[in-house]
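Visitor: Below are the structure tokens for one structure; questions will follow.
The values are calculated or read from the model by the stated rules, or taken from the named source; none is laboratory data. Keep in mind the model is a prediction, meaning the values are calculated, not measured. Note that each Cβ is placed from the backbone with ideal geometry, even for glycine, and that neighbours are counted across all protein chains shown. Remember, those area values only see protein heavy atoms, side chains included, never the ligands or the DNA or RNA. Shrake-Rupley method; radii C 1.70, N 1.55, O 1.52, S 1.80 Å.
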Amino acid sequence: MHSSAVFLQTLALVLGVAALTTVIFHRLKQPVVFGYLAAGLLVGPNVPTPIAADADIVQTLSELGVILLMFALGLEFSLRRVLQIGVTSGLAALGETSLMLGLGFLVGHLLGFTTIESLFTGGIVAISSTTIVSKAFVERGIRGRVTEIVFGILIFEDLIAILLVAILTAVAAGGGLSPADIALVVVRLATFLVALLSVGILLVPRFMRLVVRLGSDETTLVAAIGICFAWAFLALSFGYSVALGAFIAGSLVSESGEEKA
């Protein structure tokens, strides 16, 4: 079958199953996000079901969904606001991930896991899903300062997750990271964020104001989505999460004051 036909078939299958499961969970008065999770299990390769979608295409579609969701979330935050709650959210994220990492490691040992397996168990439970939490907040209509702090914590958790991936990957390979190696990872991440934000704050708000002045909603939408995927691709190119890049893109567009245009 032609690749375009396979993509269309997979897209139809994923959206059709998601439509069915979300309706069922909505009728059961449960969060719709559970319907999306159920749909992923049904069409994914890990649960034996009569239907199965192309795994590579499903992975691509999931990445696209995360990018658009995090971009929309970033539109609700200005960079100034993120910086204002940075200390509170950063300390909370550090404390929460440290606690959960320790508890996960302890539970792994109690279950008879090896030290490395216990470390990975702690890493798995230490990081919350930004996508799931944001969807739950949107469905419940939760807004205000609590939302800002929670999402701030989640963004800092994403940054911590980058460090955890680097550390656990080295540990699993039989090496390990010295304090100098960890410091290098932190410096690289900080340099990337500073560069991305510095260039973005100089270019994106001005560009979006210029586009909005053209008076074309279609052009504005295309420009905003273009920025979203460009920043997500930059993050991916440097080995970081597309979600992080998309969130930063949304925050930069928000700085233009035209996020509602």
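Visitor: Which of the residues spanning region 38-60 are surrounded by fewer than 16 Cβ atoms within 10 Å (Cβ to Cβ) and either of a type in the set (A, V, I, L, M, F, W, C) or part of a helix (DSSP H, G or I) (or both)?
Guide: Hits for region 38-60 are L41, V47, I51, A52, A55, D56, Q59, T60.
Visitor: Still on this structure, I have one more. With the structure loaded, tell me whether A224 is open to solvent by less than 30 Å² (accessible area, probe 1.4 Å), under 30 Å from F34 (Cα atoms), at pLDDT 80 or above and aliphatic (A, V, I, L, M) or whether it fails that test. Break it down into steps so the answer makes sense when it comes.
Guide: Working: open to solvent by less than 30 Å² (accessible area, probe 1.4 Å): yes; under 30 Å from F34 (Cα atoms): yes; at pLDDT 80 or above: yes; aliphatic (A, V, I, L, M): yes.
Yes.
A quick yes/no check of all residues on (1) of a type outside the set (F, W, Y); (2) in contact with a helix residue (DSSP H, G or I) (Cβ under 6 Å, 6 or more places away or on another chain); (3) open to solvent by less than 80 Å² (accessible area, probe 1.4 Å):
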{"site": "G90", "(1), (2), (3)": "yes, yes, yes"}
{"site": "A93", "(1), (2), (3)": "yes, yes, yes"}
{"site": "E96", "(1), (2), (3)": "yes, no, yes"}
{"site": "M100", "(1), (2), (3)": "yes, yes, yes"}
{"site": "L106", "(1), (2), (3)": "yes, no, no"}
{"site": "H109", "(1), (2), (3)": "yes, yes, no"}
{"site": "G123", "(1), (2), (3)": "yes, yes, yes"}
{"site": "A126", "(1), (2), (3)": "yes, yes, yes"}
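Visitor: So, one more: From G112, G35, which residue is more than 27 Å from F151 (Cβ to Cβ) and not β-branched (V, I, T)?
Guide: The conditions single out G112.
Visitor: Looking for something buried (at least 17 other Cβ atoms within 10 Å of the Cβ), touching a Phe, Trp or Tyr at 6+ places or on another chain (Cβ under 9 Å), among the polar types (S, T, N, Q) and at pLDDT 75 or above - is there at least one such residue anywhere in region 130-139?
Guide: No, there is no match, as no residue in region 130-139 is buried (at least 17 other Cβ atoms within 10 Å of the Cβ), touching a Phe, Trp or Tyr at 6+ places or on another chain (Cβ under 9 Å), among the polar types (S, T, N, Q) and at pLDDT 75 or above.
Visitor: Run L64 past the list (1) within 30 Å of E148 (Cβ to Cβ); (2) surrounded by 15 or more Cβ atoms within 10 Å (Cβ to Cβ) and report the number of the one that doesn't hold.
Guide: Against the list (1) within 30 Å of E148 (Cβ to Cβ); (2) surrounded by 15 or more Cβ atoms within 10 Å (Cβ to Cβ), L64 comes up short only on (2).
Visitor: Consider A243 carefully, then state whether it is buried (at least 16 other Cβ atoms within 10 Å of the Cβ), in a helix (DSSP H, G or I) and modelled with pLDDT of 85 or more. Spell out the reasoning first.
Guide: Numbers: buried (at least 16 other Cβ atoms within 10 Å of the Cβ): yes; in a helix (DSSP H, G or I): yes; modelled with pLDDT of 85 or more: no.
It is false that A243 is buried (at least 16 other Cβ atoms within 10 Å of the Cβ), in a helix (DSSP H, G or I) and modelled with pLDDT of 85 or more.
Visitor: Can you tell me which residue is farthest from Q59 (Cα to Cα) among those in region 25-36 that are surrounded by 14 or more Cβ atoms within 10 Å (Cβ to Cβ) and of a type in the set (A, V, I, L, M, F, W, C)?
Guide: Only one residue fits best here, namely F25.
Visitor: Restricting attention to region 219-261, report how many residues are more than 25 Å from S62 (Cα to Cα) and of a type outside the set (A, V, I, L, M, F, W, C).
Guide: Final tally of qualifying residues: 6.
Visitor: Here's a follow-up. What pairs come up if the first residue lies in region 14-42 and is farther than 22 Å from V133 by Cβ, the second is of a type in the set (S, T, Y), and their beta carbons are under 7 Å apart, counting only those six or more places apart or on different chains?
Guide: Close Cβ pairs satisfying both conditions: L42/T49.
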